[in-house]
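In what follows, a structure is listed as structure tokens, so that the remarks can point back to it.
None of the figures in this text is laboratory data; all of them are computed from the coordinates on show. Just so it is clear, the model here is predicted, and its values are computed rather than measured. All Cβ positions, glycine included, derive from the backbone under ideal geometry; neighbour counts span all protein chains shown.
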Amino acid sequence: MAKNIVISGETRTGKTMVALALASKLRAEGKSVSYFKPVGTKSFEYSTEAMDVDVDAAVMKEVLAMKADLGCICPIVRTFVSHDELLRLGHDVLLKKIRECYLEVSEGVDYVLIEGTKAPWHLLHVNLSTPQIAKEFDASVICLVNFSTMAAIDDILLQQSLFQQHGVDSIGIILKRVPPMLRDAVKEKIQPFLEGTGLRFCGVVFQNRDLFSPNVGEILRALDGEMTTGDDKLGVLVDHFMIGSMAPENALKWFRRTHDKAVITSGDRPDICLAALETDTNLLILTGGIAPDIRTVSRAKEQDVPIMLTAHDTYTTSRIVDGLLGTVTPESKDKVPIIEQIVGDALDLSCLDL
């Protein structure tokens, strides 16, 4: 019978990254590993008319060479077309489907990595939140928390309380995206404090551009865009995204605040484009299918800044690119060895009852 490990955390805490690293470490020990995501979210980029697809399930199926169908690796794919889509189906129907698919993906393997919902408390309304899934499958639990400031301690304790309320007491914790300046504080203060609350400390993943920042090529694919200039810059990393919609007199001051950024604006805003190009900008994304004027193109070439054109509007573009931060897609599989090394080296599996 397979042992189950639930990976919990809010959106953009890197649950799939940890699943990849855990799978690599377990397989290096000679263990067979499968992946299961009971409830996912529809990716319009990877879904077809025949099947709604969750992108994390697609990545893990390919990396682990799983034989199970995507429809069972992630049996419930939310579309958010209707707020009550799961309520209409009901808990019993949903749980029956989850159990049936779990049996398929767990057959013949030593471990099943179960990825939780977008946040641990999601789906409480149908009794399928991550703590309830962990209880259902008698799983060990690893909670992920982005630890950018000390205030994240409260997020950790909130997750611990939620799991304990549902009868799950053995909980590991991994701190993600920790600024290097907090290295000593984590070792000397935070780790002892968390262990004192009964949590098991499973590791620290420090902020790392190679892990969390998408490159121009990934952004290009996600936006179905085209390069106006800078075809040779597809490997350049982008750490932040800024929308250029302010008055031109404020733009320069605003853009100077952030480095290694992409600026998203319309091609008919040459004032914003030129202001962005006077600051530390790694990419200019022009929305609405509106090409830049000659001044913008000329200045971008002088500054060696790539320009990308997309047919999406500014809001849709910003939503898509925000979703790329700290994620892995089928097209970015070249990140997998980096994830396995950096995240894998940071994880201490002895914190779990495996």
Query raised in the report: Quick one: what Rg and Dmax do you get for segment 103-179 from the alpha carbons, in Å?
Result: 13.5, 42
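Count charges around G40 for me, please; just the other residues with Cβ under 10 Å from its Cβ, Lys/Arg as +1, Asp/Glu as -1. Working shown, then result.
Numbers: positive: K37, K42, R78, K118; negative: D52, D54, D56, E115.
Surrounding charge for G40 is 0.
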Requested in this report: Among DSSP beta bridges lying fully in segment 214-322, give the percent that are antiparallel, nearest 5.
Outcome: 25
Requested in this report: Output the antiparallel fraction of DSSP beta bridges having both residues in the chain, as a percent to the nearest 5.
Outcome: 10
Query raised in the report: Where does the chain land at 222 nm, in deg cm²/dmol rounded to the nearest 500, when only DSSP H runs of n ≥ 4 count, each adding -39500 (n - 2.57), divided by all residues?
Result: -10500 deg cm²/dmol
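Just add up the charged neighbours of S170: K/R +1, D/E -1, any other residue whose Cβ is under 14 Å from the Cβ of S170. Walk me through the intermediate numbers first.
Working: positive: K3, K135, R200; negative: D138, D169, E195, D353.
Taking every Cβ under 14 Å from that of S170, the sum is -1.
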Report summary line: Gyration tensor on Cα atoms of segment 214-322, a ≥ b ≥ c root eigenvalues, a/c under 1.5 rounded, else prolate if a/b beats b/c, else oblate, says rounded
Query raised in the report: Are there cysteines in the chain with no second cysteine's Cβ under 4.7 Å away, and if so, which?
Result: C74, C143, C273
Query raised in the report: Near the amide H of T281, under 5 Å away, which other amide H atoms are found, from residues 5 or more places off or on another chain, if H is placed in the peptide plane?
Result: none
Query - segment 1-77: C-alpha gyration tensor shape, a/c 1.5 cut-off, then a/b vs b/c - result: prolate
Requested in this report: Describe numerically, in nm with one decimal, the distance between label points set 7 Å from Cα along Cα→Cβ at S32 and at L157.
Outcome: 4.5
Requested in this report: With no solvent and one equal point scatterer per Cα, compute the Debye intensity ratio I(q)/I(0) for the chain at 0.12, 0.13 Å⁻¹ and report its log10, rounded to two decimals.
Outcome: -0.92, -1.04
Query raised in the report: Quick one: helix 15-28 against the long Cα principal axis of the chain, what's the angle to the nearest 10°, folded into 0 to 90?
Result: 60
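Once you order the gyration tensor axes a ≥ b ≥ c over the Cα atoms, which shape class does segment 160-239 get: rounded for a/c under 1.5, otherwise prolate or oblate by comparing a/b with b/c? Could you put the intermediate results ahead of the total?
Details: a/c = 5.79, a/b = 2.25, b/c = 2.58.
Oblate, since a/c reaches 1.5 and b/c is not below a/b.
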Requested in this report: Using +1 at the Cβ of each Lys and Arg and -1 at the Cβ of each Asp and Glu in the chain, identify which of V321, V18, P179 lies farthest towards the dipole's positive end.
Outcome: P179
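Using DSSP to define loop residues, name the GluC sites (Glu not before Pro) in segment 93-135 whose beta-carbon has at most 16 other beta-carbon atoms within 10 Å. Don't skip to the end; give the middle numbers.
Values: sites: E100, E104, E107, E115; in loops: E107.
Filter output for segment 93-135: E107.
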Requested in this report: Work out which trypsin sites (Lys or Arg not before Pro) in the chain are exposed loop sites (DSSP not H, G, I, E or B, at most 12 other Cβ within 10 Å) and give the longest gap free of them.
Outcome: 68-255
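If you take every residue apart from P248 with its C-beta less than 9 Å away from the C-beta of P248, what net charge results, scoring Lys and Arg +1 and Asp and Glu -1? The partial results should precede the final answer.
On the way: positive: R269; negative: E249, D271.
Its environment carries a net charge of -1.
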Query raised in the report: So which GluC sites (Glu not before Pro) in segment 235-335 end up in coil per DSSP with only 16 or fewer other C-beta atoms within 10 Å?
Result: E278
